[in-house]
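Inspection log for the structure reproduced underneath, given as structure tokens.
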Amino acid sequence: QVQLVESGGGLVQAGGSLRLSCTASGRTFANYAMGWFRQAPGKEREFVATINWSGGRTSYADSVKGRFTISRDNAKNTVYLQMNSLKPEDTAVYYCAAGAFIATMTEEYDYWGQGTQVTVSS
């Protein structure tokens, strides 16, 4: 089992920045690829970014490419999502997830956190 806890969400004005963190406990963090997803009210959960076990490979949704950066610190069992130039359409609950491989589909991830709310005001 892997337990994931997200933090760092909040209210920010459009154009601002936030950094989300997701700290893992349980099994060896470095064994897992990590992903960030988000879900806005009335919408399906969607892929945001993913990173492989070493941090050497990343992938982003087109909607966040160039604005968001995913990174990880295996010594701290933590994955980060740096979000810059935030837009109102980025408003959602953001979830981190752990899986065996770098992937963009929710079905490919085995463990999920509880989520953290990000609200971007216009």
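Miscellaneous remarks
- Straight-line cross-link partners of Lys65 among the lysines, defined as a Cα under 21 Å from its Cα and at least 8 positions apart when in the same chain: Lys43, Lys87.
- The amide H of Gly115, built 1.01 Å from its N in the peptide plane, has Glu6, Cys96 as neighbours under 5 Å, considering only residues 5 or more places off or on other chains.
- Extension gain, Lys76 to Gln117, is 12.5 nm, computed as 0.36 nm per intervening residue step minus the present C-alpha separation.
- The chain - accessible surface per residue (Å², probe 1.4 Å): 51
- Candidates Thr28, Thr58, Thr69: whichever shows maximal mean-square fluctuation once the chain is modelled as a Gaussian network with Cα springs under 10 Å: Thr28
- Of Ser54, Ser21, Ser71, the residue with the greatest mean-square motion in the GNM of the chain, using alpha carbon springs below 10 Å, is Ser54.
- Binned Cα-Cα distance frequencies in the chain - 10 Å width, integer %: 15, 51, 29, 5, 0
- Each of Tyr109, Tyr95, Ser122 was scored by the projection of its Cα onto the charge dipole of the range 62-122, and the greatest displacement toward the positive side belongs to Ser122; charges sit on the C-beta of Lys, Arg, Asp and Glu.
- Once all protein chains are placed together, Met105 keeps about 110 Å² accessible to a 1.4 angstrom probe.
- About the centre of its Cα atoms, the chain shows a dipole size close to 300 debye [charges on the beta carbon of Lys, Arg (+1) and Asp, Glu (-1) only; nearest 20 debye].
- Rounded percent of accessible protein surface that carbon and sulfur make up, the range 1-107, 1.4 Å probe: 48
- Distance between the 7 Å Cα→Cβ label points at Asp110 and Arg67: 3.3 nm.
The values are calculated or read from the model by the stated rules, or taken from the named source; none is laboratory data. Not measured: the values here are computed from a predicted model. Here the Cβ is made from the backbone with ideal geometry for all residues, glycine too, and neighbour counts use every protein chain on show. Heavy atoms of the whole protein, side chains included, go into the accessibility calculation; ligands, DNA and RNA do not. Shrake-Rupley method; radii C 1.70, N 1.55, O 1.52, S 1.80 Å.
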